[in-house]
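Participant: Would you mind keeping the following structure in view while I ask a few things?
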Amino acid sequence: MSIAYVPAMTQPPFPSGASIAIAGGGIIGLSIAALLGERGCQVTVYDPAEPGRGASWAAAGMLAPAFEAADHGDQHPDLLAACIASRRLWEDWARGLEDDTPGSLGFAGSGTLALATDEEGCARLEAMAGAIRAAGGTAHSMPRNELLAREPGLGDPVIAGLALASDGRIDNRAVVKALLARLEARPNVSIVRGPAPLRLVGGTVIAEGHDRAVIAAGWRSPGLIVRDGERELPLKSVVPSLAAVDPVKGQMLAVAGNADRPPHHTLRHGGLYIVPRRDRVIIGATSEPGAADTCIDPRAIADLKTAAGALLPDLSARPTLETWAGIRPGSPDHAPLVGPSEHPAILLACGHYRNGILLAPLTARLIAHSLQAGSVASDRLSDLAGLADAFSPRRFAAAPV
């Protein structure tokens, strides 16, 4: 799918003054709240937990359309196009968010190296490069000697790599703080530490006191409670498409930074990533489908550090600063469910899997488009309608509950 850009236009918000409930205070819910608030909606974000402290806080902050969306055979066919479109939105979006925070968001527009340690890995990188180039992107294949010129500390197992021009990074925790600051400054946006008031009325799900509701609670979305009189039902029992969203646990660690010997790039190798930050290096992550706990397995952490040390030996001796786990919202095609559900007053924005940070600005625009809160032209993306259709939750409407 080709994504075209048109000049920004100022349009009056529509529907003016509509009341929108957002269930979930992660980066997806907060991004939607920020955009709808700017467009004149009355927005309430509901989350029983501290906003932004779930998967959004646990993430590594990678903006990686190429590596995450050009290397999987079982994913949604339009995921790469969506990831590229959202990555193009990030630079301006990050610049705007930095106005709301005293520090930097750590935005780096490029600087990712995908690495291979055997011939099979080289073949995968070449296939990835082909998919990226077919989508209009840039990928530069590099032998070991060229890699070493960019990243001198690479270990002996690394034999080749791919420079991914589109793949960058952001400090996801700083983004969450900036979004919260933006929302706190808006009189038409409020945050409630509690569950969204979802009700089943005449067989239809509504958010009591609101015109529409957006379900953006990540992996918890299917289990949100809907009240039917005195009964409490899981949301997926009345919104069947939500049965497609499953938890995928990921464990991670951070080791001390070293200004003299940092990794100069984000490094990717299969499911392993090494992400440099100002004062630390993040290493992740395990992938544990079906797991919904945040317990740390010391053996899994040790394995991650060992694997990272094979790619960049200097990391092996650095002290571990922090270990943590997050829970990603997976879906069968690794793509999000965004747009109207089976109930007219309920929209979904969940199932982003490993791309929640990357897809946040695009998801907000797709939800605004579905609500008609502004125009296609005001979003700079002229193909929002096509993307909205592609990622409609209704593609999973027949999923078993």
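Participant: Once the convex hull of the alpha carbons of region 277-373 is built, what does its volume come to per residue, in cubic angstrom?
Facilitator: Per-residue hull volume (Cα only) is 147 Å³.
Participant: Here is a follow-up. For Cα pairs less than 8 Å apart in space and 6+ apart in sequence, what is the mean separation divided by the residue count of the chain, i.e. the relative contact order in percent? Before the final figure, lay out the partial values.
Facilitator: Details: 933 pairs, mean separation 99.3, N = 401.
This gives 25 percent for the chain.
Participant: Additional query: Could you estimate the translational diffusion coefficient of the chain from the Stokes-Einstein equation, with Rh from the Kirkwood formula over C-alpha pairs, at 4 °C and 1.567 mPa s, in whole µm²/s?
Facilitator: So the translational diffusion coefficient is about 60 µm²/s.
Participant: How large is ³J(HN,Hα), in whole Hz, for each residue of region 39-48 in order, when computed from phi with the Karplus curve 6.51 cos²θ - 1.76 cosθ + 1.60 and θ = phi - 60°, using x for Gly and Pro?
Facilitator: Calculated HN-Hα couplings, in order: 8, x, 6, 8, 10, 10, 9, 10, 7, x Hz.
Participant: If you don't mind, there's one more thing I want to ask. For a Förster distance of 45 Å, can you work out the FRET efficiency between the beta-carbons of A397 and R124, rounded to the nearest 0.05? Before the final figure, lay out each step's value.
Facilitator: On the way: r = 34 Å, r/R0 = 0.75.
Taking R0 as 45 Å, the efficiency between A397 and R124 is 0.85.
Participant: As I understand it, the value is the acute angle between the Cα axis of helix 356-371 and the longest principal axis of the Cα atoms of the chain; what does it come to in degrees, rounded to 10?
Facilitator: It is inclined by approximately 20 degrees.
Participant: Still on this structure, please answer the following. If you build a Gaussian network model of the chain, linking Cα atoms that sit under 10 Å apart, which residue out of T44, T112, T306 swings the most?
Facilitator: Greatest mean-square fluctuation among the candidates belongs to T306.
Participant: At what distance in nm do the modelled label points of E322 and A49 sit from each other, each positioned 7 Å from its Cα along Cα→Cβ?
Facilitator: Result: 1.5 nm between the two label points.
Participant: Now for a separate question. Kirkwood Rh over Cα pairs of region 54-175 into Stokes-Einstein at 20 °C, 1.002 mPa s: D in µm²/s? Intermediate values should be presented prior to the final figure.
Facilitator: Numbers: Rh = 15.5 Å.
Taking Rh from Cα pairs, D becomes 138 µm²/s.
Participant: So, one more: Looking only at the chain, where both bridge partners belong to it, what percent of the DSSP beta bridges are antiparallel (to the nearest 5)? Please list the in-between numbers first.
Facilitator: Details: 50 of 70 bridges.
The answer is about 70 percent antiparallel.
Participant: Ok, one more. Provide the convex hull volume over Cα atoms per residue for region 248-307, in Å³. Display every interim value, and only then the final one.
Facilitator: Values: hull volume 5.2 nm³, N = 60.
Convex hull volume per residue, Cα atoms: 87 Å³.
Participant: Would you calculate the separation in nanometres between label points at S19 and L233, each defined as 7 Å from the Cα along the Cα-to-beta-carbon direction?
Facilitator: 2.3
Participant: Per residue of region 297-303, what does 6.51 cos²θ - 1.76 cosθ + 1.60 with θ = phi - 60° give for ³J(HN,Hα)? Whole Hz please, x for Gly and Pro, Karplus curve as stated.
Facilitator: Coupling constants for region 297-303: 9, x, 5, 5, 5, 4, 5 Hz.
Participant: Please give the helix 27-38 orientation as an angle from the longest Cα principal axis of the chain, in degrees from 0 to 90, rounded to the nearest 10.
Facilitator: Compared with the principal axis, the helix lies near 50 degrees.
Participant: Can you send over the solvent-accessible area of W219, 1.4 Å probe, protein chains only, in Å² to the nearest 10?
Facilitator: In the full protein context, W219 sits at about 60 Å².
Participant: List every residue whose amide H lies under 5 Å from the amide H of A165, counting only residues 5 or more places away in sequence or on a different chain, with H placed 1.01 Å from N in the peptide plane.
Facilitator: Those qualifying (amide H under 5 Å, at least 5 residues apart or on another chain) are T138, H140.
Participant: Then there is this: How big is region 34-123 in terms of Cα radius of gyration and Dmax, in angstroms?
Facilitator: 17.2, 55
Participant: A further question follows. Which value in Å is the Kirkwood Rh of region 26-70 over different Cα pairs? If you can, show how the numbers build up before the last one.
Facilitator: Values: mean 1/r = 0.0810 Å⁻¹.
Value: 12.4 Å, from the Cα pair sum.
The values are calculated or read from the model by the stated rules, or taken from the named source; none is laboratory data. Since the structure is predicted, the reported quantities are computational estimates derived from the model, not experimental observations. Every residue, glycine as well, gets a Cβ built from its backbone with ideal geometry; the counts of neighbours run over all protein chains shown. Areas reflect the complete protein model, heavy atoms only, side chains present, ligands, DNA and RNA absent. Shrake-Rupley method; radii C 1.70, N 1.55, O 1.52, S 1.80 Å.
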